[in-house]
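*Asks:* Here it is, the structure in full.
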Amino acid sequence: MASIKKQKHLIVVVGPTAVGKTDLCVQLAKHYKTDIVSADSRQFYKEMSIGTAKPTPEEQQGVKHYFIDSHSIKEEYSAGTFEADVLTLLDKLFQEHDVVILTGGSGLYVRAVLEGMDEMPEVNPQVREELVGMYEKEGLQPLLDKLQQLDPLYFEQVDKANPQRVIRALEVSLSGGLPYSSYRKSEKQERPFNIIKIALNRDRTELYQRIDARMDLMLEQGLLDEVKSLYPYKQHNALQTVGYKEIFDYLEGSYNWAEAVRLLKRNSRRYAKRQLTWFNKNPEEYSWFHPQQWEEIVMFINEQIGE
């Protein structure tokens, strides 16, 4: 009689920026004697450390983290490629561990691992460059108008304050010759492991204070110099984001330093709000906790594992 394979478990920990995912996941990894897979779409890049709040070796506390500093900003790295790479890695990790942790605030990358990605056409780099150039010169509105014309269906669904999502939809539509929505079949893939979903949140005031404090710390640590060093790559998707875009604009004379700092903090708070909206789309999908509810979180995980 064939032996029954032991069930493997992927603990997924999501939540907004600065909520406290790193600390909790390190403690969970120690508790379950396992490794952490990062699903933060900007921490992949070696050159982006300060602006992404990448966990330092001290913060990692000897726990093995995958997909931190795994790529260079000179490369493009998509959610679809990440999906394939993580599934290959999990195959290997589950030979050594019954439990593995996946964590990050990039909803699309988390979803890619849990449910799979739709097949998208290859994007013409020149198309992306033109769209980013248009965004920098004219702002988001002309891109939204173009998207409404090319793909009215996706236009109704897209976060209209998120340039990355708008540019992505346009570059796929223009490169593939069909509306972006026609490539999105959203068929969930079955995974050969049990998925335990946890989302973290804090009181809004407390979260916003943590975000402001994190921004101050990034500036003290030398965020301005990091952004200057990345200026040649500023059209890279990962750099069209909070923490980098505001300083690129400052360097180009769009506003003074005090305004750059104000926008950094404001846009980071708005980003956290968008992350919460993403993970709250289906409220029953995630079980929500405060990061300091250690005993409740472990009890919940153990129940899911069946211990």
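Every read-out reported here was derived from the displayed coordinates using simple, explicitly stated rules and does not represent laboratory data. This one's a predicted model, so the numbers in the text were calculated from it and none came from an experiment. Here Cβ is always computed from backbone atoms with ideal geometry, including for glycine, and neighbour counts include all displayed protein chains.
*Asks:* Under a Cβ-Cβ cut-off of 12 Å, what is the net charge of the residues other than Pro152 that fall near it, where Lys and Arg count +1 and Asp and Glu count -1?
*Replies:* Combined, the nearby Lys, Arg, Asp and Glu give -2.
*Asks:* Out of residues 5 or more away from Val99 or on other chains, whose amide H comes under 5 Å of its own, with H placed 1.01 Å from N in the peptide plane?
*Replies:* Amide H to amide H, under 5 Å and 5 or more residues apart or across chains, Val99 pairs with His9.
*Asks:* If each of Ala161 and Glu252 carries a label point 7 Å out from its Cα toward its Cβ, how far apart are those two points in nm?
*Replies:* 2.2 nm
*Asks:* Just need the relative contact order of region 125-183 here, percent rounded to a whole number, with Cα pairs under 8 Å and 6+ apart.
*Replies:* Reported relative contact order: 35 percent.
*Asks:* Evaluate the distance, in nm, between pseudo-label points positioned 7 Å from the Cα of Lys33 and of Tyr231 along their respective Cα→Cβ axes.
*Replies:* 5.2 nm
*Asks:* Give the peptides 227-234, 29-36, 279-286 in descending order of average Cβ contacts within 10 Å, highest first.
*Replies:* 29-36, 227-234, 279-286
*Asks:* Residue-wise, which Karplus ³J(HN,Hα) couplings in Hz belong to region 277-285, taking 6.51 cos²θ - 1.76 cosθ + 1.60, θ = phi - 60°, and x for glycine or proline?
*Replies:* Result, ordered by residue: 4, 4, 6, 9, 3, 10, x, 6, 5 Hz.
*Asks:* Shape call for region 125-183 from the C-alpha gyration tensor, a ≥ b ≥ c root eigenvalues: rounded (a/c under 1.5), prolate (a/b greater than b/c) or oblate? Don't skip to the end; give the middle numbers.
*Replies:* Values: a/c = 1.92, a/b = 1.18, b/c = 1.62.
In terms of gyration-tensor shape, oblate.
*Asks:* Continuing with the same structure: Read phi for every residue in region 228-241 and hand back ³J(HN,Hα) as whole Hz from Karplus 6.51 cos²θ - 1.76 cosθ + 1.60, θ = phi - 60°, with x for Gly and Pro.
*Replies:* Couplings: 4, 5, 9, 3, x, 10, 4, 8, 4, 3, 5, 9, 8, 9 Hz.
*Asks:* Would you please name the GluC sites (Glu not before Pro) within region 146-232 that are DSSP coil residues with at most 11 other C-beta atoms within 10 Å of their C-beta?
*Replies:* Sites meeting the loop and neighbour criteria: Glu187, Glu190.
*Asks:* Could I ask something else about it? Around Leu108, what is the net charge, scoring Lys/Arg as +1 and Asp/Glu as -1 over all other residues with Cβ under 13 Å from its Cβ? Kindly include the intermediate steps, with their values, before the conclusion.
*Replies:* Working: positive: Arg42, Arg111, Arg165, Arg168, Arg184, Arg274, Lys281; negative: Asp40, Glu83, Glu115, Asp118, Asp159.
Counting the neighbours of Leu108, the net charge comes to +2.
*Asks:* Got a sec to turn the phi values of region 24-29 into Karplus ³J(HN,Hα) couplings, 6.51 cos²θ - 1.76 cosθ + 1.60 with θ = phi - 60°, whole Hz, x for Gly and Pro?
*Replies:* Along region 24-29, the couplings run 4, 5, 5, 5, 5, 4 Hz.
*Asks:* Classify region 71-126 from the C-alpha gyration tensor, please: rounded if a/c falls under 1.5, else prolate or oblate depending on whether a/b exceeds b/c.
*Replies:* Prolate.
*Asks:* Within straight cross-link reach of Lys137, meaning Cα distance under 21 Å, which lysines are found once same-chain residues fewer than 8 apart are removed?
*Replies:* The reachable lysines, counting only those whose Cα sits under 21 Å from Lys137, are Lys146, Lys160, Lys228, Lys234, Lys245.
*Asks:* Within the set of other residues whose C-beta is less than 10 Å from the C-beta of Glu252, count the net charge using Lys and Arg as +1 and Asp and Glu as -1.
*Replies:* Local net charge: -1.
*Asks:* Shifting gears a bit: Which aspartates and glutamates, on any chain, are close to Lys6 with Cα under 19 Å apart, when same-chain ones fewer than 8 places away are left out?
*Replies:* Output for Lys6: Asp35, Asp91, Glu96, Asp98, Glu190, Glu303, Glu307.
*Asks:* How many angstrom separate the Cα center of region 195-274 from the Cα center of region 150-167?
*Replies:* 22 Å
*Asks:* With runs of 4+ DSSP H residues as the only contributors, calculate the mean residue ellipticity of the chain at 222 nm using -39,500 (n - 2.57) per run, divided by the residue total and rounded to the nearest 500.
*Replies:* -15500 deg cm²/dmol
*Asks:* I've got another one for you. Classify region 181-293 as rounded, prolate or oblate, taking a ≥ b ≥ c as the square roots of the eigenvalues of its Cα gyration tensor: rounded when a/c is under 1.5, otherwise prolate if a/b is larger than b/c and oblate if not.
*Replies:* Oblate.
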